[in-house]
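**Q** Here it is, the structure in full.
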Amino acid sequence: MEKNKQQMMLEFNILENQAKQIEQQILLLDQQLMDFQILQKSLEDAKKVKNQKVLSPIGKGIFFESEAKEIKEVFLDIGSGIVLKKDIGKANEIIEKQKEKFLDARIELSNELGKLIQRINEIGKEIQI
């Protein structure tokens, strides 16, 4: 019986660590989803720009002031140093698809976390933690 309890304690600890890792992954996905929403709002705001001064980023936290006559297209970094020119609507569609993938991943992780928590609770009752 003692050996079985030790095995259950080991499983409990492993599952608890897995649950913490999944919680961290969910937090990262939540941050990414928030970033996508901010980006989409920025694209919507960019459509309204006509002959205005804007701050243009040139690096991490560094901007320069520029004049935007009308913003119809943006440049998307799609990875591996490849940048594509897209109209705002198409850029928004691409971002929406990425957002959906992240949301699907979040749902999967949440379901997995729920199962882990259920098993952790079952083990906890059995070993009375």
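Read-outs throughout are calculated quantities, based only on the coordinates presented, and are distinct from any laboratory measurement. Because the structure is predicted, anything quoted here is derived from the model rather than measured. We place every Cβ from the backbone using ideal geometry, glycine too, and count neighbours over all the protein chains shown.
**Q** Calculate the FRET efficiency for Val83 and Asn17 from the Cβ-Cβ distance with a Förster distance of 35 Å, rounded to the nearest 0.05. Let's see the in-between values first.
**A** Details: r = 40 Å, r/R0 = 1.14.
Rounded to the nearest 0.05, the efficiency is 0.30.
**Q** Okay, next question. Sequence neighbours fewer than 8 away in the same chain don't count; with that in mind, list the lysines whose C-alpha is under 21 Å from Lys90.
**A** Hits, sequence-local ones excluded: Lys41, Lys47, Lys48, Lys50, Lys69, Lys72, Lys99, Lys101.
**Q** Scan around Ile71 for amide H atoms under 5 Å from its own, H built in the peptide plane at 1.01 Å from N, and keep only partners 5 or more places away or cross-chain.
**A** So Ile71 has HN proximity to Val49.
**Q** In the chain, if the dipole is taken from +1 on Lys/Arg beta carbons and -1 on Asp/Glu beta carbons about the Cα centre, which of Ile22, Leu43, Ser80 is farthest to the positive end?
**A** So the residue we want is Leu43.
**Q** Follow-up. In segment 24-68, whose amide N lies under 20 Å from the spot 7 Å out along Cα-to-Cβ of Ser110? List them in ranges.
**A** The answer is 24-38.
**Q** Sticking with this structure for a sec: Pairing the Cα long axis of helix 88-127 with the longest principal axis of the chain, what angle in degrees results, from 0 to 90 and rounded to the nearest 10?
**A** Roughly 10 degrees between the two axes.
**Q** Continuing with this model, one more query. Short version: what are the Cα gyration tensor semi-axes of segment 2-124, square root of 5 times each eigenvalue, largest first, in whole Å? Write down the numbers at each step before the final one.
**A** Values: eigenvalues 425, 39, 27 Å².
Semi-axes from the Cα gyration tensor: 46, 14, 12 Å.
**Q** Could you give me the ³J(HN,Hα) list for segment 49-60, computed from phi with Karplus coefficients 6.51, -1.76, 1.60 and θ = phi - 60°, whole Hz, x at Gly and Pro?
**A** So the J values, rounded to whole Hz, are 6, 9, 6, 10, 7, 9, 9, 10, x, 10, x, 4.
**Q** About its Cα centre, what dipole magnitude does segment 2-124 give when the only charges are +1 on Lys and Arg Cβ and -1 on Asp and Glu Cβ, stated in debye to the nearest 20?
**A** Values: 20 positive and 21 negative charges, 70 e Å.
Roughly 340 debye, rounded to the nearest 20.
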